[in-house]
Amino acid sequence: MTALSTLSDPELVALLQQGDHAAFTEIYDRYNGLLYVFAYKRLHDREEARDVIHELFLHFWTGHQDLFLTNNLSAYLYTATRNRIINVVTRQKVASRYIDSFQSYLDQSPAAGTDYLVRYNELNEFIEHEIAALPERIRLVFELSRKTNLTRKEIAEKLGVSEETVKSQMHSALKALKTKLGPFFFFVF
């Protein structure tokens, strides 16, 4: 039997079309390195270049019975490699645009604002519930102080009590809320 390495490309292709696995191996050995360098120079990614070449030869082997070359084998292989490189670059660009678009959507998405708003409303509802649970007189002093921004003197005059009573009731309200709200107390008040 003739050594396959001495055969020309057209002779190897003829053997390949008949299903000769050794002819395929010889073509692979002859062009694999060259095509890899060609792909790597364009893709600048070793793994991607290897994938392109492996896919090319896989397709080349699976379609060997239908193989019809109008020009030489090397031109066919380089053209097929170039087309695969173009497909890879196109997929990468589409993926990149998709990722950029998705990131832009996330950046502009009201979901983050909505999540914040939901948490804010839940916390606010919890705080209001705890304020409502205070004894009536203490709650009234607290609400006048925090919601209407009245001074101790103004609250004392409005309720007909001493400023010292207002101070004591504010202290009681803050102490009770500090116990109920825990670490949130310092963020709120």
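Values in this text are rule-based calculations from the coordinates and carry no lab data. Because the structure is predicted, anything quoted here is derived from the model rather than measured. Note that we place each Cβ from the backbone using ideal geometry, even for glycine, and neighbour counts take in every protein chain shown.
Tabulated values for the structure
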quantity: Theoretical FRET efficiency, 1/(1+(r/R0)^6), r = Cβ-Cβ of Thr62 and Arg97, R0 45 Å, to 0.05; calculated: 0.90
quantity: Length-normalised contact order for the chain - Cα pairs under 8 Å, 6+ apart - percent; calculated: 14 percent
quantity: Spatially proximal lysines relative to Lys178 (Cα-Cα < 22 Å; intrachain offsets below 8 disregarded); calculated: Lys147, Lys167
quantity: Phi to ³J(HN,Hα) by Karplus 6.51 cos²θ - 1.76 cosθ + 1.60 over the stretch 161-173, Hz, x for Gly, Pro; calculated: 10, 7, 5, 5, 5, 4, 4, 5, 5, 5, 4, 5, 5
quantity: Qualifying aspartates and glutamates (Cα of each under 14 Å from Cα of Lys175; at least 8 residues distant if same chain); calculated: Glu130
quantity: Whole-Hz ³J(HN,Hα) from phi, Karplus 6.51 cos²θ - 1.76 cosθ + 1.60, for the stretch 131-136, glycine and proline x; calculated: 5, 5, 7, 5, x, 3
quantity: Spacing of the two label points (7 Å from each Cα toward its C-beta) at Ser8 and Ser104, in nm; calculated: 5.5 nm
quantity: Under Karplus coefficients 6.51, -1.76 and 1.60, residue-wise ³J(HN,Hα) of the stretch 27-44 in Hz, glycine/proline x; calculated: 5, 4, 4, 6, 10, 4, x, 5, 5, 4, 4, 4, 5, 5, 4, 8, 9, 6
quantity: 222 nm mean residue ellipticity, helices alone, for the chain (DSSP H n ≥ 4; -39,500 (n - 2.57); rounded to 500); calculated: -26500 deg cm²/dmol
quantity: Option label - Rg/Rh (Cα atoms, Kirkwood Rh) computed here, alternatives (i) 1.64; (ii) 0.94; (iii) 0.98; calculated: (i)
